[in-house]
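Quick notes on the structure that follows.
The values are calculated or read from the model by the stated rules, or taken from the named source; none is laboratory data. If you're wondering where the values come from, they're calculated on a predicted model, not measured in any experiment. Cβ placement follows ideal geometry from the backbone for every residue including glycine, while neighbour counts extend to all protein chains displayed. What goes into the accessible areas is simple: the full protein's heavy atoms, side chains included, and nothing from ligands, DNA or RNA. Shrake-Rupley method; radii C 1.70, N 1.55, O 1.52, S 1.80 Å.
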Amino acid sequence: MKRHALSTRLWHWLNLLCVVVLFMSGLTISNAHRRLYWGDWGFEASQAWLMVPRFPDWMTIPGYYSLAVARDWHILMAWPFALGLLFMWIAMMVNRHFKRDIVTKRREWRPSAIWRDVVEHLKLNFDHHEGKYNFLQKLAYGLVLGVFLPMMIFTGISISPGMEPTFGWLVDLLGGRQSARSLHFIFAFAIAGFFIVHVLLVILSGPIGQMRDMITGGRKA
């Protein structure tokens, strides 16, 4: 079979589009109220645990301050983002991509094995593993697919005024609406951090080949 399944490639590019638009429109929404709180409510500066900087227009969608337009873009991309992740998880279970390539083995968690993986990464040697991905890659992809992206959906539902009456139990589980909003912000920037590191590693490991493989599927594995 190919290095990257068709389902993986389709989701990869759809998710990239969704994440970029969601993040940039989210920055506009953040500019509307730049303080973050814990609990059910908060408004005053003394209650905030973080004062978020104002993001410049070139980083935002629509490129100028308009909360209404930003929310329209956010909602437009939220559905393909959520349904795309559901599709990807179903595909990974059916084609065994998750179990075969992402699930870590007990021996990979030994401190010596982790340290070796770190050292090889620092040497820019990304092909020192037995399977498709090395331990750090498995850990990163597992966190993104299993924690970061799902939490963006759950926290997004919790802070959506239209969803909150139906999903009040989820709001309570996350510690209140303001806690959900803070978590939404934290996981958004965790994904942004992963994206930056991912792009840097692609550049260091051969961007032309990596891009080609993610478009065509790459060599037979």
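Restricting attention to region 129-141, report how many residues are of a type in the set (G, A, S) and crowded, with 16+ Cβ neighbours inside 10 Å.
Step one: filter region 129-141 for residues of a type in the set (G, A, S), giving 131, 140.
Filter once more, so that each one left must be crowded, with 16+ Cβ neighbours inside 10 Å: 140.
Going through region 129-141 one residue at a time, the tally reaches 1.
Per-residue answers, yes or no, for (1) within 28 Å of L14 (Cα to Cα); (2) assigned to a loop (DSSP other than H, G, I, E, B); (3) touching a Pro at 6+ places or on another chain (Cβ under 9 Å):
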{"site": "W58", "(1), (2), (3)": "yes, no, no"}
{"site": "I75", "(1), (2), (3)": "yes, no, no"}
{"site": "F81", "(1), (2), (3)": "yes, no, no"}
{"site": "L85", "(1), (2), (3)": "yes, no, yes"}
{"site": "T104", "(1), (2), (3)": "yes, yes, no"}
{"site": "A113", "(1), (2), (3)": "no, no, no"}
{"site": "V118", "(1), (2), (3)": "no, no, no"}
{"site": "G131", "(1), (2), (3)": "yes, yes, no"}
{"site": "L136", "(1), (2), (3)": "yes, no, no"}
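For region 1-23, what are the residues that are of a type outside the set (V, I, T), within 17 Å of D72 (Cα to Cα) and open to solvent by 50 Å² or more (accessible area, probe 1.4 Å)? It would help to see each step written out before you state the result.
Let us first name the residues in region 1-23 that are of a type outside the set (V, I, T), namely 1-7, 9-18, 22-23.
From what is left, the residues that are within 17 Å of D72 (Cα to Cα) are 17-18, 22-23.
Listed by number, the residues that qualify are L17, F23.
Take region 104-128 and flag every residue that is closer than 21 Å to V197 by Cα and either β-branched (V, I, T) or loosely packed, with under 14 Cβ neighbours inside 10 Å (or both).
Keep residues of region 104-128 that are closer than 21 Å to V197 by Cα, which gives 104, 114-128.
If the condition is that a residue be closer than 21 Å to V197 by Cα and either β-branched (V, I, T) or loosely packed, with under 14 Cβ neighbours inside 10 Å (or both), then T104, I114, W115, V118, V119, L122, K123, L124, N125, D127, H128 are the ones that fit.
Determine whether region 60-73 contains at least one residue that is closer than 20 Å to S158 by Cα, without any contact (Cβ under 8 Å) to a residue 12 or more places away in the chain and not in a helix (DSSP H, G or I). Before the answer, list the steps.
To start, the set of residues in region 60-73 that are closer than 20 Å to S158 by Cα comprises 67-68, 70-73.
Then drop every residue that is not without any contact (Cβ under 8 Å) to a residue 12 or more places away in the chain, which leaves 68, 72.
Those still in the list that are not in a helix (DSSP H, G or I) too: none.
Within region 60-73, none of the residues are closer than 20 Å to S158 by Cα, without any contact (Cβ under 8 Å) to a residue 12 or more places away in the chain and not in a helix (DSSP H, G or I).
Take the residues in region 1-42 that are hydroxyl-bearing (S, T, Y) and modelled with pLDDT of 95 or more; name whichever of them is farthest from the chain's Cα centre (by Cα). Steps first, please.
As a first pass, look at region 1-42 and keep what is hydroxyl-bearing (S, T, Y): 7-8, 25, 28, 30, 37.
Those left that are additionally modelled with pLDDT of 95 or more: 25, 28, 30, 37.
On the way: S25: 15, T28: 19, S30: 18, Y37: 22 Å.
Filtering first and then ranking leaves Y37.
Return the residues of region 150-168 that are among the hydrophobic types (A, V, I, L, M, F, W, C) and modelled with pLDDT under 90; say none if nothing qualifies. First the steps, then the outcome.
Applying the first criterion (among the hydrophobic types (A, V, I, L, M, F, W, C)) to region 150-168 yields 151-154, 157, 159, 163, 167.
Across region 150-168, the qualifying residue is only M163.
Which ones in region 199-221 are closer than 19 Å to L122 by Cβ, open to solvent by 70 Å² or more (accessible area, probe 1.4 Å) and in contact (Cβ under 8 Å) with a residue 24 or more places away in the chain? Even if it seems obvious, please write down each step before you answer.
Kept after step one, since they are closer than 19 Å to L122 by Cβ, are these residues of region 199-221: 199-206.
Still in the list and also open to solvent by 70 Å² or more (accessible area, probe 1.4 Å): 200, 203-204.
The one that is closer than 19 Å to L122 by Cβ, open to solvent by 70 Å² or more (accessible area, probe 1.4 Å) and in contact (Cβ under 8 Å) with a residue 24 or more places away in the chain: L204.
If you go through region 178-198 one residue at a time, do you hit one that is in contact (Cβ under 8 Å) with a residue 40 or more places away in the chain, open to solvent by less than 50 Å² (accessible area, probe 1.4 Å), outside any helix (DSSP H, G or I) and touching a Gly at 6+ places or on another chain (Cβ under 6 Å)?
Scanning region 178-198, I find no residue that is in contact (Cβ under 8 Å) with a residue 40 or more places away in the chain, open to solvent by less than 50 Å² (accessible area, probe 1.4 Å), outside any helix (DSSP H, G or I) and touching a Gly at 6+ places or on another chain (Cβ under 6 Å), so the answer is no.
For region 35-52, check the following and say yes or no: at least one residue is part of a helix (DSSP H, G or I) and of a type in the set (V, I, T). Show your work before the answer.
So in region 35-52, the residues part of a helix (DSSP H, G or I) come out as 45-47.
Applying the additional criterion that residues be of a type in the set (V, I, T) yields none.
No - not one qualifying residue is present in region 35-52.
Being part of a loop (DSSP other than H, G, I, E, B) and surrounded by 15 or more Cβ atoms within 10 Å (Cβ to Cβ) narrows it down to one residue among G175, G156, G162; which is it? Talk me through it step by step, then tell me what you get.
Details: G156 fails: part of a loop (DSSP other than H, G, I, E, B); G162 fails: surrounded by 15 or more Cβ atoms within 10 Å (Cβ to Cβ).
Matching residue, one of G175, G156, G162: G175.
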